[in-house]
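Visitor: First, the structure itself, so that you have it in front of you.
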Amino acid sequence: MNQLNKSATLNHGAKIVRGPPPKTHCPILATQTMLSPAIDVLASPEKKLNQSSRTGRSPKIQKKKTLSTIEHSEQEIMLCGTENQERKQKNRRHTQDSQSSGKAKKSKPAFMCCSESVDLSFSSSNLICNSGKEDCRIRPENHFWVPQTQNGEVQKGVCEACFDGMKDKEGWRKKKNTNKKKEEIFTCQRCSGLWHQCCSFFYGEPKKFVCRICAPESYKLVLDASGSSPDSNFIEERVNAFLENALERNQEFQKISVRAYYNPEDGVKTEELVPLSWKRKFIRKYGKMIKFASRAIHVFQQQDGVDQIFFSIFASEYRDPVGDGKSWVVIDCLDSVKIFQPTSLRTQIYQELILSYFHLARSMGFLDSYLWADPPVQGDDYVFNVKPANQLPPTPLILENWYLQVMEKGKSEGIIKEFRSFEKEKELKKYKKPTDVPMFQKSLWPPLMCGYDNVRKPQKLWKSISVEWDGHGSDNWFIEFNEVEQDEQLEGMIQERFHPILLSKEELLYRCLENNWQFNYPRRAKFASVGLINLM
């Protein structure tokens, strides 16, 4: 399936059940030292007041002297009072400075990552509404209802709108589709600096955290050259050359890196893919197993010293599945996230990546392809968990036109020889029965045929499914490539590079959900990208 908006954001894949910091400022931790002012300790003079004369002089003289002594003593007392006030003020300042110094020494460690005030709450994703309506979803932060179940049983919820229409509501509980987990705050075991989890690029136990300032050698933020392969190099060289030529003078070149994984021995049981009433006839044509090879292509761009993933392709490659000499490549899923820079070239880069894969396919001997444009339900995630709020899916018509542009460009570049819509292909090949339609996993026609199947009346399947001809006559295409000499590195391109997570979009999405690797904000997109790099 596919997801694309007017700003060229693409998402394409099969429906599933159920979104790193901006440039960070990391100053070196400094210890603040405060000096308390010195305090002068003043000794008060002894104050005695002569109340009687012992000198034997005349009372008059003694009276004058006594008055003089009293005046002098009063001045002395006033001076002493002033000194006491000064001493008290100095003592007060000393106490305040001491307290301030103590607080500085006991203050909490500073954040060493970003200076922004971040929301530490993780976002939630769409949930499937189990009412039976195909495109009904339980949106993030919306309420839904689940039946009372035994411990350990999977709870299948329904949205509020569908619950309101139910007759039997006894024993149901109301819940909310929210993510209760939050980012942790890590404390470096060496410098005691604080880090937001998604700023840290640390994926281990918090008690073992040592930040990338103290231990830069422990952090891998970009892809290793050792992870490349002949097929990834093929696409990487082509798309970087295109980018370099397309940039304007004032635009910075930010390298694109590609990593590819390949399983040459994949497949699906024929009986699990085809309508039951036609099972024997399909097995007669394809055998008990429809065999294919799986290939996953992940595309990164280096920004702010971090390789960030922004595009993925999951494809199936069928080498002569029915013995008629035709070998097919089928794009099962495309997904993208709005990260690529510059934004003015985003659409062109997406299209170039698809054509680069087509060019790779014909270099490996594939001359036919099938492509289906099917935009997802808004909020559904196929690979990149929780996308930016402004990344909306396209309408079916917009997506169809976008793919037509890709194929027209491929034709003008000599990669594509011809492409035809299903409507034209049906007329050209004179399809008359279900087995005439090529069957590919995760493509349009197998589930549609199964939906219209009637075991008791197999002969009516073709007529029943004909109601879909008009609705799906123009949203899926059969593509023929121009022949080209096989690449000399063909053996390397078809050499197994298996990965249990990165080769499966379902497993990759599950890992993102499990770890709260989300792509709705730049900080978190970087953190999720580095998490994926660490899997490689």
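The values are calculated or read from the model by the stated rules, or taken from the named source; none is laboratory data. Given the structure is predicted, the values throughout are model-derived calculations rather than measurements. Cβ atoms come from the backbone with ideal geometry, glycine included; neighbour counts cover every protein chain shown. Surface areas here come from the heavy atoms of the whole protein model, side chains and all, with no ligands, DNA or RNA. Shrake-Rupley method; radii C 1.70, N 1.55, O 1.52, S 1.80 Å.
Visitor: Given the criteria assigned to a loop (DSSP other than H, G, I, E, B), open to solvent by 80 Å² or more (accessible area, probe 1.4 Å) and not assigned by the TED database to the domain that holds Leu392, does Lys167 qualify?
Guide: When the stated conditions are applied, Lys167 passes them.
Visitor: Six or more apart or on different chains, Cβ under 6 Å: which pairs go from a residue in segment 424-439 that's within 16 Å of Glu480 (Cβ to Cβ) to one that's loosely packed, with under 12 Cβ neighbours inside 10 Å? Could you list them?
Guide: Going by the 6 Å Cβ cut-off, there are no qualifying pairs.
Visitor: Working only within segment 466-494, note down all residues that are part of a loop (DSSP other than H, G, I, E, B), open to solvent by less than 20 Å² (accessible area, probe 1.4 Å) and of a type in the set (Gly, Ala, Ser).
Guide: Hit for segment 466-494 is Gly473, nothing else.
Visitor: Quick check on Tyr382: is it under 17 Å from Glu352 (Cα atoms) and either among the hydroxyl-bearing types (Ser, Thr, Tyr) or exposed (fewer than 13 other Cβ atoms within 10 Å of the Cβ) (or both)?
Guide: Working: under 17 Å from Glu352 (Cα atoms): no; either among the hydroxyl-bearing types (Ser, Thr, Tyr) or exposed (fewer than 13 other Cβ atoms within 10 Å of the Cβ) (or both): yes.
The answer is no for Tyr382.
Visitor: Consider Lys424 carefully, then state whether it is at pLDDT below 95 and open to solvent by 10 Å² or more (accessible area, probe 1.4 Å).
Guide: So Lys424 does not fit the description; no.
Visitor: Report, by residue number, each residue of segment 496-511 that is surrounded by fewer than 19 Cβ atoms within 10 Å (Cβ to Cβ) and part of a loop (DSSP other than H, G, I, E, B).
Guide: Matches in segment 496-511: Glu496, Phe498, His499, Pro500, Ile501, Ser504.
Visitor: Next question. Got a number for residues in segment 468-483 being aromatic (Phe, Trp, Tyr) and closer than 16 Å to Asn401 by Cα?
Guide: 2
Visitor: Among what's in segment 207-235 and is among the charged types (D, E, K, R) and assigned to a loop (DSSP other than H, G, I, E, B), pick the residue that is surrounded by the fewest Cβ atoms within 10 Å (Cβ to Cβ). Steps first, please.
Guide: Quick first cut of segment 207-235, residues among the charged types (D, E, K, R) only: 207-208, 212, 217, 220, 224, 231.
So of that shortlist, the ones also assigned to a loop (DSSP other than H, G, I, E, B) come out as 212, 220, 224.
Details: Arg212: 19, Lys220: 13, Asp224: 11.
The extreme case among them is Asp224.
Visitor: Criterion first (assigned to a loop (DSSP other than H, G, I, E, B) and acidic (Asp, Glu)) does Asp374 satisfy it?
Guide: Yes.
Visitor: Just give me the residues in segment 428-453 being part of a loop (DSSP other than H, G, I, E, B) and open to solvent by less than 70 Å² (accessible area, probe 1.4 Å), in sequence order.
Guide: First, the residues of segment 428-453 that are part of a loop (DSSP other than H, G, I, E, B): 430-433, 437-444, 453.
The answer is Tyr431, Val437, Pro438, Met439, Phe440, Gln441, Ser443, Leu444, Asp453.
Visitor: Which residues, counting only those in segment 261-277, are open to solvent by 20 Å² or more (accessible area, probe 1.4 Å) and more than 30 Å from Leu353 (Cα to Cα)?
Guide: Lys269, Glu271, Glu272, Leu276, Ser277
Visitor: Filter segment 521-532 for residues that are out of contact with any Cys (no Cβ under 7 Å at 6 or more places or on another chain) and open to solvent by less than 20 Å² (accessible area, probe 1.4 Å) and give the result.
Guide: First pass over segment 521-532, keeping only residues out of contact with any Cys (no Cβ under 7 Å at 6 or more places or on another chain): 521-522, 525-526, 529-532.
Within segment 521-532, Ala525, Lys526, Ser529, Val530, Gly531, Leu532 qualify.
Visitor: Looking at Leu243, Leu247, which one is assigned by the TED database to the domain that holds Arg524, out of contact with any strand residue (DSSP E or B) (no Cβ under 8 Å at 6 or more places or on another chain) and more than 20 Å from Pro109 (Cβ to Cβ)? Spell out how you get there, then give the answer.
Guide: Details: Leu243 fails: out of contact with any strand residue (DSSP E or B) (no Cβ under 8 Å at 6 or more places or on another chain).
On inspection, the qualifying residue turns out to be Leu247.
Visitor: Among what's in segment 236-260 and is among the small types (Gly, Ala, Ser) and within 26 Å of the chain's Cα centre (by Cα), pick the residue that is surrounded by the fewest Cβ atoms within 10 Å (Cβ to Cβ).
Guide: By that ranking, first place goes to Ser257.
Visitor: Looking at the structure I just gave you, is Arg280 open to solvent by 70 Å² or more (accessible area, probe 1.4 Å), under 21 Å from Gly451 (Cα atoms) and over 29 Å from the mean Cα position of the chain (by Cα)?
Guide: yes
Visitor: A further question on this structure: Would you mind stating whether Tyr403 is over 30 Å from Glu352 (Cβ atoms) and surrounded by 15 or more Cβ atoms within 10 Å (Cβ to Cβ)?
Guide: The answer is no for Tyr403.
Visitor: For segment 516-529, indicate whether the set of residues that are outside any loop (DSSP other than H, G, I, E, B) and within 25 Å of Ser316 (Cα to Cα) is non-empty.
Guide: yes
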